[in-house]
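Computed from the coordinates by the stated procedures, all read-outs in this text should not be read as laboratory data. Just so we're clear, the structure is a prediction, and the values are computed from it rather than from any experiment. Please note: Cβ atoms are built from the backbone with ideal geometry, for glycine as well, and neighbour counts cover all protein chains shown.
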């Protein structure tokens, strides 16, 4: 994390800034040490606790070192492309940053958890196909749920289809209420094989399994329509 100051005009009392003002300041001046210190003072414990809680629910890497590593992953994501994620954060709601950090933290845990699961199932040595890589990324031994969105014809590599699905998912949810939350729900259902009950109980969404299942169904149908419009789904 860049903590070298370059003489910015930062107010002396950063603790008087609102969360929104602080986020905008860091987005525009990511090299400001004082602003980052204030950001960490406000949010570091929250991010760390979120990661710890999700790891505990999964029974995965509950050690302090792993929590610290994944917390740093969250900050790295915020810094990507000159703080582009924070520059795109436009909410004026004071505590919206907490929801954003929570989603980012959850993604960091599940990405690491999925890679760990995949490594455990990966055979020793040899080159594996994209199809095998996709299967290894699924929770336990489930397969990608493509029943309702299979290509109308041979679409080529699995990675190409995944890219189209991700494009449609982003397009469908862009600008909608709870877009980050709903995208996370669908990603862990579709890419990682978690069912509605697991998502509702493990990812701290404060939603019932019934509501999660309804959201998944709605998004899946919207993705199918998007792919059909592109001529690659039946």
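For the reader, a short list of remarks on this structure follows.
- Under the simplified labelling scheme, the residue 178-residue 60 pair shows an inter-label distance of 2.3 nm, with each label point 7 Å from Cα along Cα→Cβ.
- Cβ crowding within 10 Å, taken as a proxy for footprinting-reagent exposure, orders 187, 68 from fewest neighbours to most as 68, 187.
- For residue 197 and residue 15, the FRET efficiency from 1/(1 + (r/R0)^6), where r spans their Cβ atoms and R0 equals 35 Å, is about 0.25.
- Förster-model FRET efficiency, 35 Å R0, residue 40 and residue 206, C-beta, rounded to 0.05: 0.85
- With neighbour counts taken as other beta-carbon atoms within 10 Å, the residues 189, 93, 60 rank, fewest first, as 93, 60, 189.
- Each of the peptides 219-229, 74-84, 26-36 was scored by the mean count of other Cβ atoms within 10 Å over its residues; in descending order, highest first, they stand as 26-36, 219-229, 74-84.
- Using a Förster distance of 41 Å, the FRET efficiency for residue 94-residue 230 (Cβ separation, nearest 0.05): 0.55
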